[in-house]
Structures are given as structure tokens and as C-alpha cells.
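The values are calculated or read from the model by the stated rules, or taken from the named source; none is laboratory data. Computed from a predicted structure; not experimentally measured. As a convention, Cβ positions derive from the backbone with ideal geometry for all residues, glycine included, and neighbour counts pool all protein chains shown.
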């Protein structure tokens, strides 16, 4: 599960991490009021503000969907543009994404980065950092990732300059320790009162990561503001954030579930989730209905081995009802790219006759106009095969398969 940036900022603030003030709007007419509140708080009628599209995709700045403004008129103009145009970036579909929400936030000056021994910032470099916590599957521990190269895609830095990435493993029980955070703060180049501020941000981010069952908690960039009388070393602040949450833990967090924006997610995946199904859309043309993630991976592998391309990963699990199985077929068949369907069931907890009845129900409700290859083994397999045999006239495109290889060969041949 993901959330929007304006929600991420609110989450950071609730855990004591400083973020600029801002409002979410859905109507361009509300941009004026949002900007005026920022200007009033800043004590300047021409205060700097930023208007940012709220979508689950990156590349907003280069696409023109992040704009700096200094008046209510400019904020309104930017809002009208973003809400009336689809955002297209390397991380969106070719047709782009519709923008329905905007964040209008206080603009923040970022201090120049002057390296030791230098008199000025090199090439206008700013004090921007990357900070994140995620799970390292290799070490099976949560890990904090930090870099002085903030404000850019961390994948590029990790590929081109891996030495610029700092990794710190968190203790499985005690979590991030203060001495670890201080070490990272010094490695990143924080000085004076910045150090304690940075440590506090790291410690609070680590608490947030565990408390909210995150799979990713990312601040990019974490910045230092220019010195002021109140803050002679500047302020350490988060001005952009991204969160992913473990779906297996969201039952504990009603507040997070309330933040979910299903309009930003694949409609088929949302519908599958409602029926307790695991569905992931892929790029091929052979729909796959299986029970168990391991069997799903094997099914997709053998389809590719025989020259086919899976259109999806759809796992009905071990306890799906006839209704859920019927919905699973509806989801698969709703994809126009699907030119054939392969059913591969090894019945343990899941019963083959339940799958067979789901196939029959789907045939009656939506019909199979594409080739359907079915391989059933396990619990109640004979009953399942009898159900399918009795319904052959209703499912003329169906072919039985003797084993997994036979099923893959038949479906790949059927779709050409």
C-alpha cells in the first residue's frame, strides 16, 4: 500500500520530523486560499510556495507538475494546468495519469553546500540528503540507507557511485541506536546543532517504520535551511517523502487504510484484494490462475519456457470460495490483452471441485471466448474433472491437460 506525499508529510510530522506547512486541494479555486495561508504564516505577500501533483509516480518535476510560485495568481494558474492535464513521465503509462489532488506547501530555501577548504558551493550544490529505512532481504534485517546525494534518484547513485551510499543495519529488537545515528550524521557531514537534529530525524523515522509496519520509509530530500538568528546552524527538514506499507500489517492500522487512494491503483488488483485474491498485472497475453505463490512462479516460468508470456500473477490461495474463483476469472478475462488462460491447481487445502465450479460459473456469467487449458491435481480432483466434463458444451474453448508441461504447451500453442 502507498500513500500520497501530503499524507506522508502528515505522518512524518506526527512522529516529530519537521516538514513545511501545506494544504491538499482538489479544486483550482482553492489554490488562492491555500497560498494566502502560506503567505500569511511567512509574513510576506510574495512568499515562496510549491505546487505539486499528488500521484503515485515519480518524475513530476521534469514533467512540469512541480511548480514554484510567489503569488496566489501563480498558484491558481499552476493548479489549473495540473488538474486539467494528464501527467506523463518515464514512471507513468504512455497515456499518463490523471491528477485529482495537489499539494500547495511552503517553499523552503536550501543552504548552499560548501565543502571543507572551499570558499563557495561547487556548481550551486545544495545541502540535500537521502534518508530511508527498508528491509534487506539478504540479511533479513531492517536497514537505514543514507547519502549526501539527495534530491535525485537513489538508484542512479547506487549504480554509478555505490561508495556514496551509507548502510546501517538496525537491531531486530532494539532498533536504531543513537550512537549509530550520530555516526551516520557525521558521515553525512552534519555539523554543530545540525547533528542532534539529524539524529532525531533518523531515530523518529526508525520508530515510524516499525510502528506503521512500513516496507519503505523514504525522505528525499532531507535538507538544511540557511542560517538564521533563531537557527544559526540552519534547520534540518524533510521536504519530500515516500512510504510503502506491508499489506499484511494494514489490519492493525485503520488510519493508514483510510489514506488509501484506490484511484491510483490497478483496478483489477483492487478488485482482487476485495475477494482475498493476490493479483499482479504483467505484460503478456496468457492469464494464469493458480493456488499458491510458488506454483504461480513455476507456472509463469514454464509458460515462458515454451515461448509464451504471462499476462498476470493470480493466486486464489488455499481457501477461496466459488464466488472468489468466479471473480478471479472475471478479472483475468477483463484484460483485453489476454488471448488464452491457463489454470494450474494442485489441490491441498484448495479443492479441485471448487475451482471447477468457478470455471463453470464464469463460463455462464462472462463466457470463455479465448482458449482455456485446465490442469487439476489433488483434493477432489475426480469430482472436479467430472464437473468440467459435464460442462464441455458450455465451454467449447476448454482443453484438459495431463500435467504442467502439457498445459503450458497447449496454451502457448493456442495463443500462437
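Of the residues 124, 151, which single one is loosely packed, with under 12 Cβ neighbours inside 10 Å, in contact with a strand residue (DSSP E or B) (Cβ under 9 Å, 6 or more places away or on another chain) and more than 22 Å from residue 246 (Cα to Cα)? Quick ask: steps written out before the conclusion?
Details: 151 fails: loosely packed, with under 12 Cβ neighbours inside 10 Å.
Going through 124, 151 in turn, just one is loosely packed, with under 12 Cβ neighbours inside 10 Å, in contact with a strand residue (DSSP E or B) (Cβ under 9 Å, 6 or more places away or on another chain) and more than 22 Å from residue 246 (Cα to Cα): 124.
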Boolean, residue 381 is surrounded by 24 or more Cβ atoms within 10 Å (Cβ to Cβ) and over 26 Å from residue 274 (Cβ atoms): no
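Check 149, 98, 163 and return the single one that is in the same structural domain as residue 219 (by TED's automatic domain parsing) and in contact (Cβ under 8 Å) with a residue 12 or more places away in the chain.
Details: 98 fails: in the same structural domain as residue 219 (by TED's automatic domain parsing); 163 fails: in contact (Cβ under 8 Å) with a residue 12 or more places away in the chain.
The conditions single out 149.
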Leading residue by the ranking (surrounded by the fewest Cβ atoms within 10 Å (Cβ to Cβ)) among those in region 10-30 that are assigned to a helix (DSSP H, G or I) and out of contact with any strand residue (DSSP E or B) (no Cβ under 6 Å at 6 or more places or on another chain): 29
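Step by step: first the residues of region 217-238, then only those that are closer than 15 Å to residue 58 by Cβ and at pLDDT 95 or above, then the one that is surrounded by the fewest Cβ atoms within 10 Å (Cβ to Cβ). Which residue is that?
Residues of region 217-238 that are closer than 15 Å to residue 58 by Cβ, as a first pass: 218-221.
Okay, now just the ones that are also at pLDDT 95 or above, so 218-219.
Numbers: 218: 21, 219: 26.
The residue in question is 218.
Answer yes or no as to whether residue 84 is over 30 Å from residue 155 (Cβ atoms), under 25 Å from the mean Cα position of the chain (by Cα) and not assigned by TED's automatic domain parsing to the domain that holds residue 250.
Against the criterion (over 30 Å from residue 155 (Cβ atoms), under 25 Å from the mean Cα position of the chain (by Cα) and not assigned by TED's automatic domain parsing to the domain that holds residue 250), residue 84 qualifies.
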Selection within region 136-146 - crowded, with 16+ Cβ neighbours inside 10 Å and either farther than 17 Å from residue 208 by Cβ or touching a residue at least 60 places away in the same chain (Cβ under 8 Å) (or both): 142, 144
Search result, residues across region 379-416 that are at pLDDT below 90 and under 36 Å from the mean Cα position of the chain (by Cα): 416
